[in-house]
Amino acid sequence: MTGKNRIVFPPMNSNLTSAEGYVTPELEEYYLRRAKGGAGMIILEAASVNGSTKNHPGQPVFYDRKHVASWANLVERLHRYDVKVSIELVHYGSEASIPPRESPSAVSKYREDPGSVLGVERIREIQEEFAYSAWLAQKAGMDAVTLHATHGYLIAEFLSNAFNHRKDQYGGSFENRCRFLLETIDCCREKVGNRFPIMVRFSADEFLLGGRGIEESVELAKVLEAHGAAAIDISASQPSAYLMTTPPYCLPQGKGLLVPYSAAIKQAVRIPVFTAIGIRDPEQIEDILSGGKADLVVLGRPQLADPDYVNKVLSGRADTIRHCLSCEYCLDTLDDDRAIRCAVNPETGRELEFTRIEKSACQKRVVIVGGGPAGMEAARVAKLRGHEVILLEKQRELGGTLNAAKIPPHKDMIGRLVKWYQQQLPVLGVDIRTGTEATEAMLTELRPDVVFLAAGAYYIRRIAGSESEKVMDAVWALTHPEQVGRRIVIVGGGAAGAEVADYFSGSVTAVNVIGSDGVGGDLVFRTEINCAANGREIAVVEMLDSICSDLDVFCKEVVLTKLRENGVKLYSGCRVDEINASGVRAFRMEEQQEIFLPADTVILAGGLRSKYAEEFTSVPCPMIRLGDSIRAGKIKDAIYTAYYHAKEI
């Protein structure tokens with residue numbers, strides 16, 4: 001099997017199958033978009049080898065002949081774009097989020113319901129289930145199958161000392177722990193023959209106390225090569241440290257995470273080795289491939305953000321790539337049992353609905369107030385629709401609050417998003433008027449057919465004393481750091497407040513993840529002094545019961561660890577009553593205790609209200625609100641509302 005290039009789209013769950021696990025038109029278009037974008041190989045998302053093992057309500061399945069036709073139709077369409085297709089076959093073992101569960105030793109993060117321990121007879125049945133599914137995949141026209149031996153699921157559980165406590169021929173020694181996987185390969189081989197590729201995906205590092213690290217992973221790769229595996233597709237981690245599978249922006253450790261692992265494995269085997277996780281830039285990909293650190297590079301989230309990533313690189317247009325933010329929104333949607341989405345690409349998961357942006361039959365004059373994410377996206381889409389577009393921005397450059405959001409540590413990808421819009425809009429021919437504050441008279445004079453109001457939101461000053469000169473909002477503080485004093489109190493402990501605290505603390509301590517302290521255990525961090533302390537005293541006050549409640553669970557844990565290590569004082573369940581000349585008077589609600597926090601500067605990082613809520617009422621044309629002009633939200637909300645409304649005019 002030879003692919004047209006070395007870029008792989010991985011088996012990321014999409015929640016786009018039917019409730020019965022069948023391929024849907026939505027799933028077809030989702031994968032076809034990545035094929036059209038140039039991926040050399042697509043590994044279709046994990047499909048269960050029987051009807052009982054499930055990790056998602058809409059779990060893809062491939063265990064019966066009735067499933068062949070829908071998968072075969074998808075494969076046929078993908079092959080039109082000269083893309084190689086594999087499918088990942090899985091049994092979720094004790095880590096299935098939906099019971100029943102079964103596993104080598106009933107070791108699970110679901111400690112109250114770990115499921116049953118597999119007997120030898122049931123082991124044989126499951127191996128035959130894998131083999132039958134592989135045969136069905138072959139009948140459906142797949143070019144290969146991938147055995148899911150990673151992320152703490154059944155095959156991975158047999159391989160791992162942390163999960164496998166058996167005393168028979170399937171547990172104990174390294175050889176015994178490999179037995180289930182090797183016998184599964186043998187069963188598959190009997191069904192599909194010697195020429196059909198069987199690839200294996202496993203975690204090169206489980207990030208788990210007592211789990212597998214790189215040394216044993218190298219040995220595992222050797223064993224698999226000797227046993228006829230066609231390729232090694234490495235991933236990382238298991239459910240108790242899943243953030244290392246898709247590291248968030250706040251964890252720089254995740255950038256190119258597996259490249260050293262794939263390099264070590266590649267030195268030990270001759271079969272192809274895949275590398276993955278935290279790879280974003282074409283230059284990084286070229287270094288990996290030319291340096292012999294891997295044979296194929298897996299790009300998951302980057303191809304959600306820009307499905308044309310590969311074609312853009314191959315055609316010399318790498319500078320036009322819309323980059324992934326590593327914001328974890330795609331994972332958040334899946335965790336909520338919703339279809340996959342992307343913060344910067346509204347078409348992801350909606351490919352059937354948003355087929356492409358068509359030219360409008362009637363050109364209109366579109367005026368957009370505000371050059372933040374919503375305004376920029378509306379301008380881009382409206383111009384692609386063929387409209388005359390005028391974009392008015394009060395500041396001297398486009399970006400809106402993104403120009404502040406890109407400043408805290410590890411938020412550079414937001415800066416790249418701003419740069420992408422700043423590059424795209426002039427090329428498209430958008431009339432950009434920066435340094436221009438919109439007025440009702442101006443809008444009337446421009447005689448638009450439609451106005452998009454995308455002016456964002458502002459922090460409400462409703463606390464007694466919040467009009468003081470020592471009080472500023474988070475955007476102003478980040479863009480004017482020279483005006484911020486030594487003693488800082490931040491009012492609002494969501495993501496914005498935490499990032500402001502991180503920035504002004506000077507990131508004295510760097511935080512890395514070691515892994516979880518056991519199956520279903522807590523994350524363990526290693527901290528290192530990054531730079532000298534800057535002498536600032538910082539406190540974050542949040543009225544809700546927890547700090548960073550609007551972050552996903554893993555990112556929240558990383559950020560809170562970093563803030564504590566950097567000496568930031570965190571007060572949750574705390575109401576701010578007054579800001580005075582000396583500081584902040586607050587009230588801890590659970591303790592029913594008043595506290596006083598000295599402050600030279602108070603930064604407002606919570607409580608937003610839309611700008612121009614009641615203005616422009618006399619403009620004689622339809623006015624459509626976008627993003628924060630509807631309600632305060634995130635980048636994903638701004639870009640989606642802008643895309644949708646601009647596509648409709």
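List, in order, the whole-Hz ³J(HN,Hα) value for each residue of segment 44-58 obtained from phi through the Karplus relation with A = 6.51, B = -1.76, C = 1.60 and θ = phi - 60°; use x for Gly and Pro.
For segment 44-58, the Karplus curve yields 5, 4, 3, 10, 5, 8, 8, x, 10, 8, 9, 10, 9, x, x Hz.
If one takes the longest principal axis of the Cα atoms in the chain, at what angle in degrees, from 0 to 90 and to the nearest 10, does the Cα axis of helix 635-648 lie?
80 degrees
Based on the alpha carbon coordinates of segment 512-647, what radius of gyration and maximum Cα-Cα distance (Dmax) apply, in Å?
20.5, 64
With a probe of 1.4 Å, find how much accessible area segment 350-475 has per residue, and write the answer as a whole number in Å². Could you put the intermediate results ahead of the total?
On the way: 5690 Å² over 126 residues.
Heavy-atom SASA per residue in segment 350-475 reads 45 Å².
Hey, what do the phi angles of segment 190-199 turn into as Karplus ³J(HN,Hα) couplings, whole Hz, using 6.51/-1.76/1.60 and θ = phi - 60°, x for Gly and Pro?
So the Karplus estimates, Gly and Pro as x, are 4, 7, 9, x, 7, 9, 8, x, 10, 9 Hz.
Long-range amide H contacts for THR24: which residues qualify at under 5 Å (H placed 1.01 Å from N, peptide plane, sequence gap of 5 or more or a different chain)?
Under 5 Å from the amide H of THR24: SER18.
If the viscosity is 1.567 mPa s and the temperature 4 °C, what translational diffusion coefficient in µm²/s does Stokes-Einstein give for segment 263-420 when Rh comes from Kirkwood over Cα pairs?
72 µm²/s
Using amide H atoms built 1.01 Å from N in the peptide plane, name the residues 5+ places from LEU208, or on other chains, whose amide H lies under 5 Å from its own.
SER516
Roughly what % antiparallel, to the nearest 5, for the DSSP beta bridges in the chain?
25 percent
Kindly report, to the nearest 10 Å², the accessible surface of ILE624 as traced by a 1.4 Å probe over protein heavy atoms only.
Rounded to the nearest 10, that gives 40 Å².
Which of the trypsin sites (Lys or Arg not before Pro) found in segment 32-115 are in a DSSP loop and have at most 16 neighbouring Cβ atoms, other than their own, within 10 Å?
When the trypsin sites (Lys or Arg not before Pro) of segment 32-115 are filtered for loop state and at most 16 Cβ neighbours within 10 Å, ARG80, ARG111 remain.
Gap in Å between the Cα centre of segment 166-193 and the Cα centre of segment 594-632?
When both Cα centres are located, 60 Å separates them.
Find the centroid of the Cα atoms in segment 338-417 and in segment 491-570, then give the distance between the two in whole Å.
Taking the Cα centre of segment 491-570 as reference, the centre of segment 338-417 is 31 Å away.
Take the solvent-accessible surface of the protein heavy atoms, probe 1.4 Å, and return the percent of it on segment 237-350 that carbon and sulfur atoms account for.
Taking all protein chains in place, segment 237-350 shows 48 percent carbon and sulfur surface.
If I fit a long axis through the Cα atoms of helix 495-505 and take the longest principal axis of the Cα atoms of the chain, what angle between them do I get, 0 to 90°, rounded to 10?
80 degrees
May I ask for the equivalent-ellipsoid semi-axes of the chain, computed as the square root of five times each C-alpha gyration tensor eigenvalue and listed largest first in whole Å?
The three semi-axes for the chain are 46, 32, 21 Å.
Once you've got the Cα coordinates, tell me which of LYS255/LYS634; LYS406/LYS562; LYS419/LYS556 are over 20 Å apart.
Beyond 20 Å between Cα atoms: LYS255/LYS634; LYS419/LYS556.
Can you list which of the trypsin sites (Lys or Arg not before Pro) found in segment 362-435 are DSSP loop residues with at most 11 other C-beta atoms within 10 Å?
ARG396
From the phi of every residue in segment 389-394, what ³J(HN,Hα) in whole Hz does the Karplus formula 6.51 cos²θ - 1.76 cosθ + 1.60 yield, where θ is phi - 60° and glycine or proline is x?
10, 10, 10, 9, 10, 5
Find the accessible area per residue for segment 128-236; the probe is 1.4 Å, ligands and nucleic acids are left out, and the unit is Å².
33 Å²
For segment 282-350, what is the largest minus smallest coordinate of the Cα atoms on each principal axis, given in angstrom and ordered from greatest to least?
40, 24, 16
Would you mind calculating the relative contact order of the chain from Cα pairs under 8 angstrom and at least 6 residues apart, reporting the percent as a whole number?
12 percent
Loop-only GluC sites (Glu not before Pro) in segment 582-641, please: DSSP not H, G, I, E or B, and at most 13 other Cβ atoms within 10 Å. Intermediate results must be reported in sequence, preceding the final value.
Numbers: sites: GLU590, GLU591, GLU594, GLU614, GLU615; in loops: GLU590, GLU591, GLU614, GLU615.
Here the GluC sites (Glu not before Pro) that fit, given the DSSP loop and packing criteria, are GLU590, GLU591, GLU614.
Against the longest alpha carbon principal axis of the chain, how many degrees, from 0 to 90 and to the nearest 10, is the axis of helix 553-565 turned?
Result, in degrees: 60.
In segment 457-590, carbon and sulfur make up what percent of the accessible area (probe 1.4 Å)?
49 percent
The values are calculated or read from the model by the stated rules, or taken from the named source; none is laboratory data. Worth saying up front: this structure is predicted, and the values here are computed from it rather than measured. Positions of Cβ are backbone-derived with ideal geometry, glycine not excepted, and every protein chain shown enters the neighbour counts. We work out accessible area using only protein heavy atoms, side chains counted, and drop any ligands, DNA or RNA first. Shrake-Rupley method; radii C 1.70, N 1.55, O 1.52, S 1.80 Å.
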